[in-house]
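Read the structure below first, then the notes.
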Amino acid sequence: MSKKKNKKAKGSKKIKKALEPFDKYDLYMKSVQAPEADVEFFDKTYKEIRGKRAHSLREDFCGTFGITCEWIKMNSKNVGVGVDLDPEPLAYGMNCHYAQLSAAEKKRIKIYEENVMSVETDPMDIIVAVNFSYYLFKTRLMLRSYFKRAHQDLKEDGIFMVDCFGGPLCMEPNEEEKVFDDFSYFWDQDKFDPVTNEALFHIHFKRKGEKKRKEAFTYDWRMWTIPELKSLMLEAGFKDAYVYWEGTDKKGEGNGEFTRVTTAEDCGAWVAYVVGVK
Ligand SMILES: C[S@@+](CC[C@H](N)C(=O)[O-])C[C@H]1O[C@@H](n2cnc3c(N)ncnc32)[C@H](O)[C@@H]1O
């Protein structure tokens with residue numbers, strides 16, 4: 001090995017020492033997830049619709065199951081179930097979230113490494129599928145089958161909540177950067193097909209002093225509209241399907257507060273919840 005090469009190797013070692021090992025789940029958690037706000041919305045919405053508190057929640061497509069853990073911490077009567085078929089995010093969740101729960105809290109949580117289409121769990125007050133995970137079902141038939149399973153696995157007065165997003169800005173290729181203290185998050189809308197409503201998205205990360213790490217996560221999705229989601233929930237057996245739309249702050253940005261609506265003003269990009277009432 002030449003001297004020059006040796007020097008370079010020493011230099012890169014120095015940079016590596018200064019940074020934590022790259023962990024895409026850690027950066028995803030810091031840039032995308034807000035489990036405290038999520039469980040607050042689920043708790044409040046169930047209470048608004050049913051007039052009582054929910055105590056059991058299943059998080060489908062749970063990944064690192066941050067929501068399930070937050071649900072457990074919210075109330076000592078709460079039980080939580082997470083379902084995901086990929087052992088990798090589940091292992092991250094075990095080390096990062098589950099490990100921080102008390103012994104009593106750990107007794108109230110169950111994690112299934114299984115398919116949401118075949119998992120068997122106790123009847124639940126609430127089932128959620130968030131961060132648009134169910135967009136991987138690309139046909140009405142598949143999505144209706146999933147909604148039917150959620151309906152079947154709820155208690156008689158259970159409710160099902162999914163988030164969704166849309167607007168013209170989400171239907172064209174573009175890349176948005178969000179800057180955090182020591183890294184940047186990129187939401188890359190790679191492709192959109194107006195005939196099928198299928199879309200390809202990626203998440204990239206760039207930590208300070210490092211090159212961009214492309215395609216840490218990739219999503220091959222079908223963009224579902226709110227009217228489609230409502231009608232599929234009704235076809236799956238739900239008595240009603242409500243829409244919760246995000247309010248705006250003074251700058252016109254989303255404020256994280258969702259209220260029930262029957263119509264909404266058009267905007268470039270929006271996020272909403274559709275809530276199926278059994
Ligand atoms: C977009 S990630 C969302 C993770 C998590 N909900 C969040 O908010 O961060 C989608 C997750 O769904 C899981 N998944 C995909 N198909 C599944 C299926 N049929 N059953 C269970 N999990 C599935 C993947 O393993 C992945 O962890």
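The values are calculated or read from the model by the stated rules, or taken from the named source; none is laboratory data. Remember, predicted model here, so these are calculated numbers, not experimental data. Don't worry about glycine lacking a Cβ; one is built from the backbone with ideal geometry, like all the others, and counts go over all protein chains shown. SASA here: full protein model, heavy atoms, side chains in, ligands and nucleic acids out. Shrake-Rupley method; radii C 1.70, N 1.55, O 1.52, S 1.80 Å.
Yes/no per residue for (1) open to solvent by less than 50 Å² (accessible area, probe 1.4 Å); (2) in contact with a helix residue (DSSP H, G or I) (Cβ under 8 Å, 6 or more places away or on another chain); (3) within 12 Å of the ligand (Cβ to nearest atom); (4) not assigned by TED's automatic domain parsing to the domain that holds Tyr244:
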residue: Ile49; (1), (2), (3), (4): yes, no, no, no
residue: Thr64; (1), (2), (3), (4): yes, yes, yes, no
residue: Pro89; (1), (2), (3), (4): yes, yes, yes, no
residue: Ser145; (1), (2), (3), (4): yes, no, yes, no
Original post:
Taking segment 95-120 as the region of interest, how many residues are farther than 13 Å from Asn78 by Cβ, crowded, with 17+ Cβ neighbours inside 10 Å and not aromatic (Phe, Trp, Tyr)?
Top reply: 5
Subject >> Hey, Val275 under 17 Å from the mean Cα position of the chain (by Cα), closer than 17 Å to Phe42 by Cα and surrounded by 13 or more Cβ atoms within 10 Å (Cβ to Cβ) or not >> reply: yes
Subject >> Restricting segment 226-278 to residues that are touching a residue at least 40 places away in the same chain (Cβ under 8 Å) and assigned to a loop (DSSP other than H, G, I, E, B), the residue that is nearest to Leu154 (Cα to Cα) >> reply: Lys278
Original post:
From the list Ser76, Ser145, which residue is in a loop (DSSP other than H, G, I, E, B), out of contact with any Pro (no Cβ under 7 Å at 6 or more places or on another chain) and polar (S, T, N, Q)?
Top reply: Ser76
Original post:
Mind checking which pairs have a first residue in segment 86-99 that is part of a helix (DSSP H, G or I) and a second that is modelled with pLDDT of 95 or more and not aromatic (Phe, Trp, Tyr), Cβ under 6 Å, 6 or more apart or different chains?
Top reply: Pro87/Glu113; Pro89/Gly63; Pro89/Thr64; Leu90/Asp84; Leu90/Glu113; Tyr92/Thr64; Gly93/Thr64
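Could you go through segment 217-232 and let me know if any residue there is over 25 Å from Thr139 (Cβ atoms) and either within 16 Å of the ligand (Cβ to nearest atom) or buried (at least 17 other Cβ atoms within 10 Å of the Cβ) (or both).
No, segment 217-232 contains no residue that is over 25 Å from Thr139 (Cβ atoms) and either within 16 Å of the ligand (Cβ to nearest atom) or buried (at least 17 other Cβ atoms within 10 Å of the Cβ) (or both).
Would you point out which residue out of Leu200, Leu234 is under 21 Å from the mean Cα position of the chain (by Cα), more than 20 Å from Ala34 (Cα to Cα) and modelled with pLDDT of 95 or more?
Unique residue meeting the criteria: Leu200.
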**OP:** Test each condition in (1) more than 27 Å from Thr196 (Cβ to Cβ); (2) surrounded by 15 or more Cβ atoms within 10 Å (Cβ to Cβ) for Glu253 and report the one that comes out false.
**Re:** (2)
Original post:
Just one of Val128, Val119 is within 9 Å of the ligand (Cβ to nearest atom), in a loop (DSSP other than H, G, I, E, B) and β-branched (Val, Ile, Thr); which is it?
Top reply: Val119
**OP:** All but one of (1) outside any loop (DSSP other than H, G, I, E, B); (2) open to solvent by 20 Å² or more (accessible area, probe 1.4 Å) hold for Thr196, so report the exception by its number.
**Re:** (1)
